[in-house]
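The values are calculated or read from the model by the stated rules, or taken from the named source; none is laboratory data. Remember, it's a predicted structure, so these values are computed and weren't measured experimentally. We place every Cβ from the backbone using ideal geometry, glycine too, and count neighbours over all the protein chains shown. Ligands, DNA and RNA are stripped out before the accessible areas are found, and what is left, the full protein with its side chains, is counted by its heavy atoms. Shrake-Rupley method; radii C 1.70, N 1.55, O 1.52, S 1.80 Å.
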Amino acid sequence: MAETSKAKQLLYPVGIESLFIAFMTEKKDNRDSIPTYETEIYRMDNIVTIGIAGNPTTVVKWASNKMFVNASKNSKFNLNLTHVAFPQEVKDKMDGVTSKKGVAFGTSQVKEYPMFAMGFIAPLSDGSRIARWYPRVQKTLTEETFETVTEESEVKDIENVFEATPLLYNDTTVADFSEVRDSALGITAEQFMEQVIADESQLDLLKPEEGSTP
């Protein structure tokens, strides 16, 4: 009996593994080219949860007493991240601050936060994995809380909210990869996260590992 394609099996998420962050070299993108990112991609295995909420709008057109068009678009994603901690270097880059003698100043002036790519890997019930890149992300201002330590203290989760918006170059908001798609052809989630994939022209960067079966 032929083996059923994984793309046809009922597989479900069973958690989340790593968070990935890659900062744009120019701190923002432009309309003329795919953005470039720093060679160092920060990988952190400290995610508790990540909530992903779209911001869809719907266009409905009726004609001849029938629904002629029912279309929708999504202009951004809100990424609600609960985690343990970020390295100070990552926090400073997200805030766009440069410190001197360990001091960074904030002012009341208008400020645009730097842009970066954020992604993650999540396992499925059969051991396969999915992976995503959101190539144009900015942090939003969130509240901070510092609590007194007690004898029964625990490590408190930190919550941050980020906005993923369309790239100016091609309107891409997310690049979604799954190892169980028939077209994955031996490519792994780890390979997908080795660089930020933000456009179809970059798919040639993804090649099956030696010895894998396409």
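Some observations on this one:
- R0 of 22 Å, Cβ-Cβ distance GLU112-ASP32: FRET efficiency to nearest 0.05: 0.70
- For segment 127-192, the share of accessible area belonging to carbon and sulfur comes to 46 percent (1.4 Å probe, ligands and nucleic acids excluded).
- Only protein heavy atoms count here; under a 1.4 Å probe, ARG43 has an accessible surface of about 110 Å².
- Quarter of the Cα convex hull surface for segment 123-214, i.e. its orientation-mean projected area (nm²): 9.7
- When the Cα positions of VAL84, GLN138, THR4 are compared along the charge dipole of the chain, GLN138 comes out farthest toward the positive end, with charges on each C-beta of Lys, Arg, Asp and Glu.
- For the chain, alpha-carbon Rg relative to the globular expectation (2.2 N^0.38 Å, N residues): 1.20
- Here the dipole of segment 71-142 is about 180 debye; that uses its Cα centre as origin and unit charges on the Cβ of Lys and Arg (positive) and Asp and Glu (negative).
- If only the Cβ of Lys and Arg carry +1 and only the Cβ of Asp and Glu carry -1, the dipole of the chain around its Cα centre is close to 1000 debye.
- Gain on full stretching of the segment that runs from ASP176 to PHE68 - 0.36 nm per residue minus C-alpha separation: 35.9 nm
- Accessible area of THR58 (1.4 Å probe, protein heavy atoms only, ligands and nucleic acids ignored): about 90 Å².
- Taking every protein chain into account, the accessible area of the chain amounts to 67 square angstrom per residue (probe 1.4 Å).
- Percent carbon-and-sulfur accessible area, segment 3-68, ignoring ligands, DNA and RNA, probe 1.4 Å: 51
- Mean-square fluctuations from a GNM of the chain, with a 10 angstrom spring cutoff on Cα atoms, peak among GLU40, GLU26, GLU143 at GLU143.
- Approximate spin-label separation LEU203-GLN9, in nm, with each point projected 7 Å along Cα-to-Cβ: 2.4
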